Amino acid sequence: MTTLWFIIVAVMIAIYVVMDGFDLGAGILHLFVAKTDNERRIILKAIGPVWDGNEVWLLAAGGTLYFAFPLLYASSFSGFYLPLMIVLWLLILRGLSIEFRAHIHSALWRSFWDGMFAFSSITLAIVFGAALGNVVRGVPLRADGYFFEAFWTTFTVVPDAGILDWYTVLLGLVAFFTLMNHGANYLALKTDGELQGRCRAFSARSWWGIVIFSILAACATFAIHPAITDKFLSYPAGFILPILGIAGVGGIFYFRRKNASDKNDKAAFISSSLFIIGMLASTAFGIFPVLLPASTDPQYSITIYNAAAGDHGLAVGIVWWIIGIILASGYFIYIFRSFKGKVKISEDGY
C-alpha cells in the first residue's frame, strides 16, 4: 500500500508539472515572443481558462502527501519554510499579474504587470528545479526527522549545504529550459501567424538548453548520488523511464525539424510532456523507497516505510482518492475540450 501511495504522489506531481508547466513556460516567453499588446493578450488568453485549474494539481499533490506521508509533509514544510514562502508569493504574483493587467487602461500599468508575470514565471521554474535538486541531493536531517537549511552556505555540495548550491542551481536551469520549451510548444499549438512562428523558433532554440543542461545534470547526479546508479543497475527494467525522456527530447528535435504544421506542433508538445514525465519518473525510481534523503546520515532518511500513515487510513483513502481523481479528470477534459483550437481576441473587449 505504501508503494502504491508513493506512485500516486509521484504521478500527481508529474501531472502538475506537465499541466502548469506550459503555463509557466508561457509566462517565461511572455515578453520574448509577443511584440504587441494584442499578442500578449493572445498568450494570456491561451492559458486563461486553465492556468488556475492547473495549479490545483499542486494543492492536490500537497494534500495527498499530507495524507499518505505525514512525517515527510511535516519535515519538509518546516525545513523548506523559506523557499515555500517564496513559491507562495510567486504564485500569488503570477495570479495578480494576470488579473490586474486589464484593470487600468495604461501602457505603463500593463507593462509593469507583464514584467511581473514574466519575472514570477522565470523564478518559479528555477525554484521548482532547485527544489527537485534538494530532494535528490539530500538535506541535513536529524535523528528526529527534522532539519533546517540556510538559503546558501558554501555553494558546494556538502552535508550542510544550503538550499542553493551549484547542483540545485543546475537543476533549476534544466527546469527553466524544459518549461520554456514546453510553453513554446503549447503556444505554437494555440496561436497562428507571426506569433506562432516565433514560438516555434523558441522551441527549437530552447531544445539545446534542455540537452546541454540535462546531460550536465545527469552526470552530476550520478556523481553525488551513486545509489541512483546502483538502483538502475540492480533493476534494469527501470531504464525504460530515462529512455522515455530521451525519446521525448528526440521527438522535440524531430518534429521541430519537419515542415511547420499544427500536427507537428501537437507532436512536439506531446514530446515535451513525455520528456517531463520520463525525467520525473526516473528521479522517483532512482531514489525509491527514499522520500527525502539525509545528507548527514543515511539512517536518518525519510522513507515510505517510516513516514507512511496507518494501513487502515491508506486503504480508506484510496477509495476517496479514486473518486476525487475521476471528478477532477472529468472537469479538466471538459475545460480543455471547451477551449480547444486557436486563440482569437476581439478588439471590442479585453
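Taking helices (runs of 4 or more DSSP H) that fall entirely within the stretch 1-86, which contain at least 1 residues that are aromatic (Phe, Trp, Tyr) and either more than 29 Å from residue 111 (Cβ to Cβ) or modelled with pLDDT of 95 or more (or both)?
Once the helices (runs of 4 or more DSSP H) in the stretch 1-86 are filtered for at least 1 residues that are aromatic (Phe, Trp, Tyr) and either more than 29 Å from residue 111 (Cβ to Cβ) or modelled with pLDDT of 95 or more (or both), what remains is 2-33, 51-68, 70-79.
How many residues are in a helix (DSSP H, G or I) and either without any contact (Cβ under 8 Å) to a residue 60 or more places away in the chain or acidic (Asp, Glu) (or both) if we restrict to the stretch 310-323?
Total meeting the criteria: 7.
Taking the conditions exactly as written (buried (at least 17 other Cβ atoms within 10 Å of the Cβ), among the aromatic types (Phe, Trp, Tyr) and under 18 Å from residue 227 (Cα atoms)), does residue 285 satisfy them or not?
Working: buried (at least 17 other Cβ atoms within 10 Å of the Cβ): yes; among the aromatic types (Phe, Trp, Tyr): yes; under 18 Å from residue 227 (Cα atoms): yes.
So residue 285 fits the description; yes.
Yes or no, residue by residue, for (1) among the hydrophobic types (A, V, I, L, M, F, W, C); (2) modelled with pLDDT under 95:
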site	(1), (2)
181	no, no
191	no, yes
210	yes, no
215	yes, no
222	yes, yes
230	no, yes
236	no, yes
256	no, yes
265	no, yes
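Any idea which of 100, 117, 151 is at pLDDT below 85 and within 24 Å of residue 24 (Cβ to Cβ)? Outline the logic, then answer.
Numbers: 100 fails: at pLDDT below 85; 117 fails: at pLDDT below 85.
Just a single option satisfies the conditions, and that option is 151.
Of the residues 178, 153, 191, 168, which is among the polar types (S, T, N, Q), free of Cβ contacts under 8 Å to residues at least 24 places away in the same chain and surrounded by 14 or more Cβ atoms within 10 Å (Cβ to Cβ)?
The conditions single out 153.
If the requirement is being at pLDDT 90 or above and either within 16 Å of residue 290 (Cα to Cα) or surrounded by 20 or more Cβ atoms within 10 Å (Cβ to Cβ) (or both), which of these qualifies: 143, 125?
Answer to the check: 125.
Considering only residues of the stretch 325-350 that are closer than 30 Å to residue 74 by Cα and free of Cβ contacts under 8 Å to residues at least 40 places away in the same chain, which is surrounded by the most Cβ atoms within 10 Å (Cβ to Cβ)?
325
Answer yes or no as to whether residue 276 is closer than 29 Å to residue 6 by Cα, of a type in the set (A, V, I, L, M) and surrounded by 14 or more Cβ atoms within 10 Å (Cβ to Cβ).
So residue 276 passes the test.
Checking residue 296 against (1) hydroxyl-bearing (Ser, Thr, Tyr); (2) in contact with a strand residue (DSSP E or B) (Cβ under 9 Å, 6 or more places away or on another chain); (3) part of a helix (DSSP H, G or I), which test does it fail?
Here residue 296 meets the rest and fails (3).
Take the conditions in a helix (DSSP H, G or I) and hydrophobic (A, V, I, L, M, F, W, C) and apply them to residue 280. Does it pass? Walk me through how you get there before you give the answer.
Numbers: in a helix (DSSP H, G or I): yes; hydrophobic (A, V, I, L, M, F, W, C): yes.
Here the answer is yes, as residue 280 does meet what is asked.
Looking at 74, 46, which one is of a type in the set (A, V, I, L, M) and within 21 Å of residue 200 (Cα to Cα)? Quick ask: steps written out before the conclusion?
On the way: 74 fails: within 21 Å of residue 200 (Cα to Cα).
Of the residues listed, the single one that is of a type in the set (A, V, I, L, M) and within 21 Å of residue 200 (Cα to Cα) is 46.
Looking at the stretch 105-125, is at least one residue outside any loop (DSSP other than H, G, I, E, B), without any contact (Cβ under 8 Å) to a residue 60 or more places away in the chain, within 17 Å of the chain's Cα centre (by Cα) and more than 30 Å from residue 344 (Cα to Cα)?
no
When only residues in the stretch 289-304 that are more than 13 Å from residue 225 (Cβ to Cβ) and not aliphatic (A, V, I, L, M) count, which is surrounded by the most Cβ atoms within 10 Å (Cβ to Cβ)?
Going through the qualifying residues, I end up with 300.
The values are calculated or read from the model by the stated rules, or taken from the named source; none is laboratory data. Note that the structure is predicted; figures quoted are calculated from it, not measured. Neighbour counts are summed over all protein chains in view; Cβ atoms, including those assigned to glycine, are modelled from backbone coordinates with ideal geometry.
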